[in-house]
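Right, one structure below, let's go through it.
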Amino acid sequence: MTTQTEPGDTSEPPKDSVDELHANATGVWAVRSTSTTVYYLDLDRRRLLRLRGVGSPAGPYDGCWVPLVSFATLGGEHEVVRVGARNEFLTDPDGWAASYRFWIPRMCSRIDRVDRDVADALSESD
């Protein structure tokens, strides 16, 4: 079973929305784009969860937390995620450098803080 996010999220941004994240940020963040797919970054545990949205292609490791190696804007700013930019996430899902995978979502539209309990309940497996 692949977890999907629902289209048409019209909720107001939470108080803890930011325009950009840097390497020294902490907590869990939902990175939303012009797609319905949502990327969750757990910066305390350096991991990423991709929840495929309706109409988005399936990818390996959807619905599972995977180790986050690094993140950057496509403009080359290392360890930065920014609203209004396309961002790149490098993961190591199998735990060895030979298995690195990139995710490059559509343009980021919103970055919202997520409660730890909510984030831990999102994945299909850890």
Item to check | Near pairs, Cβ below 6 angstrom, 6+ apart or cross-chain, from the range 37-56 (more than 17 Å from PHE71 (Cα to Cα)) to any residue that is acidic (Asp, Glu) | outcome: ARG52/ASP62
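Among the candidates LEU68, LEU49, LEU90, which residue alone is in contact with a Phe, Trp or Tyr (Cβ under 7 Å, 6 or more places away or on another chain), more than 19 Å from ASP19 (Cα to Cα) and surrounded by fewer than 18 Cβ atoms within 10 Å (Cβ to Cβ)? I'd like the intermediate steps shown before the answer.
Details: LEU68 fails: surrounded by fewer than 18 Cβ atoms within 10 Å (Cβ to Cβ); LEU49 fails: surrounded by fewer than 18 Cβ atoms within 10 Å (Cβ to Cβ).
It is LEU90.
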Item to check | Condition broken by GLY55, with the remaining ones in (1) out of contact with any Leu (no Cβ under 8 Å at 6 or more places or on another chain); (2) at pLDDT below 95; (3) surrounded by 18 or more Cβ atoms within 10 Å (Cβ to Cβ) satisfied | outcome: (3)
Checklist outcome for this item: Note on the range 94-124: residues part of a strand (DSSP E or B) and more than 19 Å from ASP16 (Cα to Cα) are ARG101, PHE102, TRP103
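The values are calculated or read from the model by the stated rules, or taken from the named source; none is laboratory data. All values derive from a computational prediction rather than experimental measurement. No Cβ is skipped: glycine too gets one built from the backbone with ideal geometry, and neighbour counts run over all protein chains shown.
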